[in-house]
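Below is one structure; the comments refer to it alone.
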Amino acid sequence: MKLSLQLKLDQRLTMTPQLQQAIKLLQLSTLDLHQEIHQALESNPMLELDESTVEEETVQQDFDGGFDTPLPEITQPSEVDHPSAANGEKPELANSEETGQISGEDSGWQEQIPSDLSVDSNWDDVYPVMPSFTQNNEPGYNDFEARNSSVETLQDHLLWQLNLTPLSDNDNLIALSIIDAIDTNGMLTVDIESIHAGFDTQMEIERDEVLAVLHRIQQFDPIGVGYRNLGECLMIQLNQLEHPENPKLIDNAKLIITDYLDLLGNRDYALLMRKTKLKQAELGETITLIESLDPRPGSNIAPASTTYIIPDVIVSKQKETDKWVVELNPDTAPKIRINHGYASLVKRADSSDENNYLRNNLQEARWFIKSLQSRNETLMKVATRIVEHQQGFLEYGAEAMKPLVLRDIAEAVDMHESTISRVTTQKYMHTPRGIFELKYFFSSHVSTKGGGECSSIAIRAKIQKLINAENASKPLSDNKITELLYQQGINVARRTIAKYRESLAIPPSNERKRLVD
């Protein structure tokens, strides 16, 4: 094999550390961005929080002095009617002065402390009482116990009642086994035979004892917990009800739950009236009573945790100009800047390890701040274009949503589609109609009679509107919805209607049927 030298030219994209950091910050959510900024503040001594009220500060890049490099805060609203505002010209920033001196009030407090203290003096007699920063009436107060307390589960709730119930040792052991086999909805996930087989034969526990303890637990709060099937759950709750005005109503409900629960589930009211020999009015009252029962009694004890969303962009309409205005939420990320004290220690000609350490951290701090600024500017451009394209949604609702794909916004802001995808993922927009993820405004389209296009989100909104206005005794089928949309000029197949209906968590027509008096 012969060795040789060859000269070759090619073009390739090299991901510099600065570009990698900018892309990483661009795709972070608000929570992840807070964590990233917190880590940067801890690892880089050149960065510090900007707690001043000055909105605009000078960005200086000279090593000779003035290394105070703040993060520009984009607070100037951008009108969607002016695309040039979306590109955002860099504002002129003003210098901020920092002092590390002790204020006169603090220095006076230190002068009041005597050098020698008497032995019998108390702490409060010499040192002034400092104000507490965790008072309940302060706006930033957070109760430590409330933030760190655990949520009570259904098992905890049942065990608390079990401790108040007088039971023998064997019954208490059986109750613990039963409670451990109850899921979050309150249903017993293990049959009685399995629970009975799990005990030692020397304990001489009979199956009837396990069943008796189960019936005792089913009377715990919430009523019906420990049920083995839906009929048993409803019957336990029904036995606790009293209806002195119409006692026959409860008997009719028990009859339906015991013998005809499947007919009720299929909403076959005609056959149900023939089987039970009830009139339509009586059957309607009975069904109303059954529907008032809770099929999952345990789900209310430990509700799902609430997730709070902080919008990245705020959209509002100016009354004076009647235009939609887009602005960044100033609470999404803390403002950071270069520490002026540490930056002034950097010397140009010094090549010592200490100076190189400060210089490297200063450069990394500048890159980090520039990446944050680039993230804000890109988010502002994309949000502005989305609002400009979807003004109909802001004015009239989801039925006026227009088709939009990532390519449309990418061409409008002169960026790649992958960049638009990163910007719109886990970023939220606050509008007068609610908070939506930026991805929500992108949807496919369906052709119309006139050769136009209709957004899939708009079609879903029309389907929801038609179903909300339907006759409960004769709900609209998917074929009927297809015909009604065709009359409005929208060509959409029946299977597409079924797919959109399922995405809206709307059951089919036979399950939506109601008995109307």
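The values are calculated or read from the model by the stated rules, or taken from the named source; none is laboratory data. Just so we're clear, the structure is a prediction, and the values are computed from it rather than from any experiment. When we count neighbours, we look across all protein chains shown, and the Cβ atoms used for this are built from the backbone with ideal geometry, even at glycine. Protein only, heavy atoms only, side chains kept; ligands, DNA and RNA dropped before computing areas. Shrake-Rupley method; radii C 1.70, N 1.55, O 1.52, S 1.80 Å.
Shown here for region 242-303: trypsin sites (Lys or Arg not before Pro) in loop regions (DSSP other than H, G, I, E, B) with at most 11 other Cβ atoms within 10 Å, namely Lys277, Lys279. Taking the square roots of 5 times each eigenvalue of the Cα gyration tensor of region 381-517, largest first, gives ellipsoid semi-axes of 32, 16, 13 Å. The alpha-carbon positions of region 290-442 define a convex hull whose volume is 250 Å³ per residue.
The convex hull defined by the C-alpha atoms of region 408-460 has an orientation-averaged projected area of 4.9 nm².
Pairwise alpha-carbon distances in region 308-396 exceed 23 Å for 48% of all pairs.
Annotation note: chymotrypsin sites (Phe, Trp or Tyr not before Pro) in region 227-282 located in DSSP loop regions with a Cβ neighbour count of at most 16 within 10 Å are Tyr260.
Exceedance of the 25 Å cut-off in Cα-Cα distance is limited, within the set Lys323/Lys427; Lys24/Lys427; Lys381/Lys499; Lys317/Lys439; Lys370/Lys402, to Lys381/Lys499; Lys370/Lys402.
So if I place +1 on the C-beta of Lys and Arg and -1 on the C-beta of Asp and Glu, and nothing else carries charge, what would the dipole magnitude of region 431-517 be about its Cα centre? I want it in debye, nearest 20. So the magnitude is around 60 debye. For region 300-412, the carbon plus sulfur part of the accessible surface works out to 49%, probe radius 1.4 Å. Computed extension gain for Asn329 through Glu453, at 0.36 nm per residue and net of the alpha carbon distance, reaches 41.3 nm.
Work out, in µm²/s and without decimals, the Stokes-Einstein translational diffusion coefficient of region 188-244 at 20 °C, 1.002 mPa s, Rh from Kirkwood over C-alpha pairs. Reported coefficient: 171 µm²/s. Evaluated on region 188-338, the Kirkwood hydrodynamic radius is 20.7 Å, with distances taken between all distinct Cα atoms. Net charge of the neighbourhood of Val423, taken over other residues with C-beta under 9 Å away and scored Lys/Arg +1, Asp/Glu -1, is +4. Overall, the anisotropy analysis places region 292-353 in the oblate class: the square-rooted eigenvalues a ≥ b ≥ c of its C-alpha gyration tensor yield a/c not less than 1.5, with a/b not exceeding b/c. Restriction of the GluC sites (Glu not before Pro) in region 231-324 to DSSP coil positions whose beta-carbon has at most 11 other beta-carbons within 10 angstrom yields Glu242, Glu245, Glu320. Here r is the Cβ-Cβ distance between Glu245 and Asp200 and R0 is 51 Å; the resulting FRET efficiency, rounded to 0.05, is 0.45.
Roughly how many whole Å is it from the C-alpha centroid of region 330-345 to that of region 212-249? Using only Cα atoms, the two centres lie 63 Å from each other. Ranking Thr425, Thr286 from most to least accessible surface, computed with a 1.4 Å probe over the protein chains only, gives Thr425, Thr286. In this structure Ile369 has an accessible area near 10 Å², from a 1.4 Å probe over the protein heavy atoms.
Label sites at Leu31 and Ser503, each approximated as a point 7 angstrom past Cα along Cα to Cβ, lie 2.6 nm apart.
Legend: P(r) of region 147-212 from all alpha carbon pair distances, 5 Å bins from 0, whole percents, reading 3, 15, 26, 21, 18, 8, 4, 2, 1, 0. Treating r as the C-beta distance of Glu291 and Lys317 and R0 as 41 Å, the FRET efficiency rounds to 0.45.
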